[in-house]
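Reading through the structure tokens given below for one structure.
Derivation of every value follows stated rules applied to the coordinates shown; laboratory data play no part. Keep in mind it's a predicted model, so treat the numbers as computed, not measured. Here the Cβ positions follow ideal geometry from the backbone for every residue, glycine too, while neighbour counts run over all protein chains shown.
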Amino acid sequence: MTDNYPELQSAAKKISGNHELWEELLSYCLEEFLFKPNLQEIIQSGGGRFYIVRMMMNQFRSTTSPFYQKYRTPTVEIEFQDYEEPEVYVDHTDKLTQIQDALANLNWYDKMLFEIFVKENHTISSLSRATGIPRTSVNLTITRVRNYLKKSIQNSYTYE
């Protein structure tokens with residue numbers, strides 16, 4: 001088994017992407033391997049190194065593996081006390097009116113595409129699929145309307 005150790009080290013580094021936990025990964029898998037009930041069969045078949053490499057891949061990549069849970073899952077313990085979120089009311093009617101006024105100045109295509117995008121909570125890709133309009137065209141239109149709205153709303157604010 002010690003003959004294969006350098007190759008196993010190299011494999012652990014590759015599997016983990018040279019992550020700082022590669023040594024823990026190798027140690028963990030070697031320990032697990034040594035307690036396998038069919039250890040002798042695996043070694044006699046000549047598949048010991050492959051078995052350990054496969055274990056390392058599964059342990060490092062699977063989010064449900066014991067190694068992943070122990071070493072890779074960030075654990076943050078937060079104690080919540082009786083905290084109540086303060087009620088804050090923000091009146092957005094002014095902004096909404098400004099947005100509606102700005103949208104009224106757009107051509108029908110840009111306005112309708114943007115309204116569908118917002119009201120139906122689409123992504124660029126899902127809107128493209130739903131309408132049959134090429135994704136690039138949808139992206140350019142939505143980006144253009146967003147930039148127009150930002151400029152329109154910023155220009156309407158006056159600072160006192």
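If one takes the longest principal axis of the Cα atoms in the chain, at what angle in degrees, from 0 to 90 and to the nearest 10, does the Cα axis of helix 48-61 lie?
Orientation of helix 48-61: about 20 degrees from the principal axis.
From the Cα gyration tensor of segment 2-72, with a ≥ b ≥ c the square roots of its eigenvalues, which class applies: rounded if a/c is under 1.5, or else prolate if a/b is larger than b/c, or else oblate?
It comes out oblate by the Cα gyration axes.
Read through the labelled values (i) 8.9; (ii) 19.2; (iii) 16.4 and report the label of the one computed as mean projected area of the Cα convex hull in nm² from the structure.
Answer by label: (ii).
Placing +1 on the Cβ of each Lys and Arg and -1 on the Cβ of each Asp and Glu in the chain, which of Leu140, Phe114, Phe67 has its Cα farthest towards the positive end of the resulting dipole?
Sorting the options by dipole projection puts first Leu140.
Mind checking the full-extension length gain between Lys36 and Asn18? Use 0.36 nm per residue of separation minus the Cα-Cα distance, one decimal, nm.
Result for the pair: 3.8 nm of gain on full extension.
Counting only pairs 8 or more places apart or on different chains, how many lysine pairs in the chain have C-alpha atoms closer than 28 Å?
Lysine pairs satisfying the spacing and distance rule in the chain number 14.
With a 10 Å radius around each residue's Cβ, average the other Cβ atoms per peptide and rank 107-120, 3-16, highest first. Before the final figure, lay out the partial values.
Working: 107-120: 13.5, 3-16: 15.3.
The peptides rank, most packed first, as 3-16, 107-120.
Considering the zone a paramagnetic label at Ile153 would reach in this model (a point 7 Å from Cα along the Cα-to-Cβ line), which residues of segment 91-108 have amide N under 17 Å from it?
Hits in segment 91-108 for Ile153 at 17 Å: 91-106.
For the pair Thr64/Ser125, report the inter-label distance in nm, with labels modelled 7 Å from Cα in the Cβ direction.
According to this spin-label approximation, the distance is 2.5 nm.
For Glu41, Glu32, what ranking results if the residue with the fewest other Cβ atoms within 10 Å of its Cβ goes first?
Fewest to most other Cβ atoms nearby, the residues stand as Glu41, Glu32.
Placing +1 at every Lys and Arg Cβ and -1 at every Asp and Glu Cβ, with all other atoms neutral, what dipole size does the chain have around its Cα centre, in debye to the nearest 20?
Dipole about the Cα centre, nearest 20: 1200 debye.
At 7 Å along the Cα-to-beta-carbon direction for both Ile99 and Glu7, put a label point, then send me their distance in nm to one decimal.
Roughly 6.1 nm, to one decimal.
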